[in-house]
Structures are given as C-alpha cells and as structure tokens.
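I'd like to ask you about the structure that follows.
The values are calculated or read from the model by the stated rules, or taken from the named source; none is laboratory data. Predicted model, so just to flag it, every value in this text is computed and none were measured. We place every Cβ from the backbone using ideal geometry, glycine too, and count neighbours over all the protein chains shown. The protein model used for the area step is the full one, side chains on, heavy atoms only, and it has no ligands, DNA or RNA in it. Shrake-Rupley method; radii C 1.70, N 1.55, O 1.52, S 1.80 Å.
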Amino acid sequence: MLEFYKQNFAIVEIVSCTKCGSLLAFECQGGDSMGLAVNELGKIIIPIGAALQSSRVRLDEAPTGERMMGYQCGAPVPNPMLATVKAEHEAALAQYEAD
Ligand SMILES: [Zn+2]
C-alpha cells in the first residue's frame, strides 16, 4: 500500500496513534488526487485498517503558526481491571441469588 501511494504522491506520511501505536492513515500530498477528497491543507487522508475513527483540520495552530491535522483512534485497548471487575460482579450476583 505504502509503495503504491509513494509512486503517486510527492509526500506520503504515515500517521500512527501516540497512545497505542496503531497505524491510522497515510497523509498524501502533491500528485493526482485520483478522485479522493483533498482537505483544506491540500492533504488526502487514506485510512489504514479500521482504527481511524475520524480526522479533521484542527482549528488551533502549532506554536509555529502551522495548521495541523487531528486524528481520533478507535483501536481497542485491553483493560487490566476487566478480570477483577468481572470476578467482583460474579461474586455479587452469586450473593444476590443466595439471599
Ligand atoms: Zn490508539
């Protein structure tokens, strides 16, 4: 996929989530848009997989005055408390049914 977009655009950047590391999208610039939507920064956002929930041009600016993109990651993250909470729920349910 990356090679295909590198052949069609001057700039291809890979966007990944800073929290979980999931690959989210390619940011492509400088080439034939191939019918894809170009945003107001001149970028085409192409999702990778299913983790990207949304993207938009941010209303604020970087300290350099540059406009930035914002991305929302929806990759599932394991909850370390899940087993504990499930066990507590099962115990409370068993107690309720015993009463
Ligand atoms: Zn993430």
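Give segment 5-28 a look and list any residue that's surrounded by 13 or more Cβ atoms within 10 Å (Cβ to Cβ), in contact with a helix residue (DSSP H, G or I) (Cβ under 9 Å, 6 or more places away or on another chain) and under 19 Å from G70 (Cβ atoms), or say none.
Result: F26, C28.
Could I ask something else about it? Take E61 and decide whether it is within 21 Å of the chain's Cα centre (by Cα) and of a type in the set (D, E, K, R). Working first, answer last.
Working: within 21 Å of the chain's Cα centre (by Cα): yes; of a type in the set (D, E, K, R): yes.
Taking the combined requirement at face value, the residue satisfies it.
Can you give me the number of residues within segment 30-45 that are among the aliphatic types (A, V, I, L, M), under 15 Å from A10 (Cβ atoms), surrounded by 12 or more Cβ atoms within 10 Å (Cβ to Cβ) and touching a residue at least 12 places away in the same chain (Cβ under 8 Å)?
2
Another question, then. Could you check, for segment 62-69, whether at least one of its residues is of a type outside the set (F, W, Y), surrounded by 12 or more Cβ atoms within 10 Å (Cβ to Cβ) and without any contact (Cβ under 8 Å) to a residue 40 or more places away in the chain?
Going through segment 62-69, the residues of a type outside the set (F, W, Y) turn out to be 62-69.
Next, only the ones that are surrounded by 12 or more Cβ atoms within 10 Å (Cβ to Cβ) stay: 67-69.
Keeping just the survivors that are without any contact (Cβ under 8 Å) to a residue 40 or more places away in the chain gives 67-68.
For segment 62-69, residues of a type outside the set (F, W, Y), surrounded by 12 or more Cβ atoms within 10 Å (Cβ to Cβ) and without any contact (Cβ under 8 Å) to a residue 40 or more places away in the chain: present.
Taking the condition within 16 Å of the ligand (Cβ to nearest atom), of a type in the set (V, I, T) and open to solvent by 60 Å² or more (accessible area, probe 1.4 Å), does V85 pass?
Numbers: within 16 Å of the ligand (Cβ to nearest atom): no; of a type in the set (V, I, T): yes; open to solvent by 60 Å² or more (accessible area, probe 1.4 Å): yes.
No; evaluated as a whole, the condition is false for this residue.
Quick one: P80 ticks every box in (1) open to solvent by 90 Å² or more (accessible area, probe 1.4 Å); (2) within 12 Å of the chain's Cα centre (by Cα) bar one, so which box is it?
For P80, the exception is condition (2).
State the number of residues belonging to segment 6-28 that are assigned to a strand (DSSP E or B) and within 16 Å of the ligand (Cβ to nearest atom).
Within segment 6-28, the subset assigned to a strand (DSSP E or B) is 9-16, 23-28.
Retained after the next criterion (residues that are within 16 Å of the ligand (Cβ to nearest atom)): 14-16, 23-25.
The total comes to 6.
In segment 88-99, how many are surrounded by 10 or more Cβ atoms within 10 Å (Cβ to Cβ) and not in a helix (DSSP H, G or I)?
So the answer is 0.
Considering only segment 29-45, I want to know if a residue exists there that is farther than 19 Å from F4 by Cβ and within 13 Å of the ligand (Cβ to nearest atom).
no
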